[in-house]
Amino acid sequence: MEFLDKLTKKASETYKGAAEKTSKFAKETKLKMKISDNKSKIDDIYEEIGRKVYQKHILGEDINIKTDLEEECKQIDELGEEIESYHREIVELSNGKICVNCKEQMDKEAKYCPKCGTEQPEEVKENDSIEVEFIPDENIEKSTETEEQDENKTE
Ligand SMILES: [Zn+2]
């Protein structure tokens, strides 16, 4: 099974070839722009948090994260998660993967992280479902004959 998987993978990788490199590069650039965009948004929020803390200081009040900074912290969380998923996409574009433990980038085939040594889980492909893909009737004109034959066979 594994051997076949590898063969198919290799064939399709070769097939994809150079034509995709250009679009890969474009995609990567786009993702990197999104990441730096998110990072500057996070910096803005940090600034806002700092301002709020200082205002509290001026007023001689205590700051309460839950009531005063909840919204800002949530936004940073979300932006950070987005950055992570963009980063993952970039790594996948260059045929790599990210360590489940330390997020170090490594070769897709690597079993252990070169940085922290954590064993990486085997990639689970979602082939388990026996769901039959619905094929739209695009080819109906071409295949009318065979279809009729098939139907008549049941007699
Ligand atoms: Zn690691």
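The residue list Asp62, Asp37, Asp68 contains one member that is out of contact with any strand residue (DSSP E or B) (no Cβ under 9 Å at 6 or more places or on another chain) and loosely packed, with under 11 Cβ neighbours inside 10 Å, which is Asp62.
Among the numbered conditions (1) under 30 Å from Lys6 (Cβ atoms); (2) in a loop (DSSP other than H, G, I, E, B); (3) not hydroxyl-bearing (Ser, Thr, Tyr), the only one that Glu61 does not meet is (1). Condition first: within 16 Å of the ligand (Cβ to nearest atom), assigned to a loop (DSSP other than H, G, I, E, B) and surrounded by 11 or more Cβ atoms within 10 Å (Cβ to Cβ). Can you find one or more residues in the range 91-100 that meet it? Yes, because at least one residue in the range 91-100 is within 16 Å of the ligand (Cβ to nearest atom), assigned to a loop (DSSP other than H, G, I, E, B) and surrounded by 11 or more Cβ atoms within 10 Å (Cβ to Cβ).
I'm checking my understanding of the structure. Among residues of the range 101-125 that are among the aliphatic types (A, V, I, L, M) and within 15 Å of the ligand (Cβ to nearest atom), which one is farthest from Ile42 (Cα to Cα)?
The selected residue is Ala110.
Any read-out appearing in this document is the output of simple, stated calculations on the displayed coordinates, not a laboratory observation. Here the structure is a predicted model, which means the values were calculated and not measured. As a convention, Cβ positions derive from the backbone with ideal geometry for all residues, glycine included, and neighbour counts pool all protein chains shown.
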